[in-house]
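Have a look at the structure below before the remarks.
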Amino acid sequence: MSLGRKAPGYSLGAEVELYDLRMFVHNASNGVPPLTAAQVAVLADESSTVVTKAYRCFHKDDKTVQDRANWKDNWGHDCRWFRMQTKTDPGVCLYPPAVANCPVSCRSKQLCLTDWKKTDAHFIWDRIRRIEPLARNGTLCLSDDMTKQDAVAACHAWSKGGAATGKGSAAEAWFDHWVESRDIGTRQVDLSVCEQLEAAIDEECAFNSTAVKTFSQQSVANNGDFTISFWVKATGEESNHDWEKRFIPSLLFYSSLSPPQHNLHNLVCAR
């Protein structure tokens, strides 16, 4: 999973660190039922082979996330000194004693989200959609306020400026970042080639643009935080990867097609 956007600006698919990511594959026919709410709660609280409880989030009043007021290193530097130094030298907090004694100043421990309140849910599709494989490298679903003709025209207008081929200083900078942000080995429609874009558009799977705009406004108002949920299911052998011969769904969410700017890329690999 690679996350490529934090409101309000696009970050060119920059890599971010995930503390812990676990996937459980269940199949009722094989006697492996879905996890219950109680089982999920236990798994979230226990240590894994990679991530220990020390990396879990802590309540803001927990003493383990408070700087030790009387601590100083061998050179007489206290936690405040380390906090000030991180403004010009973030690596100073890699010093193990500072990590252990200055969790606030060095941000070495993560606070749990507090003051949570239920927010609105927005649905970009109001029913289950079948995504047909229109092109070899994927299918594009447009928002309901954009037509196929509009998308193709915008692509050609953008291409004529040289950006699609990486010509020109600004275009080269954008093109290099975009290529680097694409995951190697996953199929993606090359949106810099307008013919590929046109062939991949499915006009029958348009999504609700009003819901997306409302969701985006609320996300920005909440410091860019959001939760997104979806499920995907193979429709048959035609959904399988060509040479892997198994279902490997890959979903990309774009804020713009020309130039291509992906908000989030989710690749699910399940055996």
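Taking 0.36 nm per residue of separation and subtracting the current Cα-Cα distance, fully stretching the chain between His122 and Val40 would add 27.0 nm. Note on Glu244 and Gln188: with the Förster distance fixed at 22 Å, the Cβ-Cβ geometry gives a FRET efficiency of about 0.85. Peptides 99-108, 233-242, ordered by how many other C-beta atoms sit within 10 Å of their residues on average, highest first, read 99-108, 233-242. Just list whichever of Lys160/Lys213; Lys87/Lys109; Lys148/Lys213 have alpha carbons separated by over 22 Å in the model shown. As for pairs spanning more than 22 Å Cα to Cα, those are Lys160/Lys213.
Computed from the coordinates by the stated procedures, all read-outs in this text should not be read as laboratory data. From a predicted model like this one, the values you see are computed outputs, not experimental measurements. Every residue, glycine among them, receives a Cβ derived from its backbone with ideal geometry; neighbour counts consider all protein chains shown.
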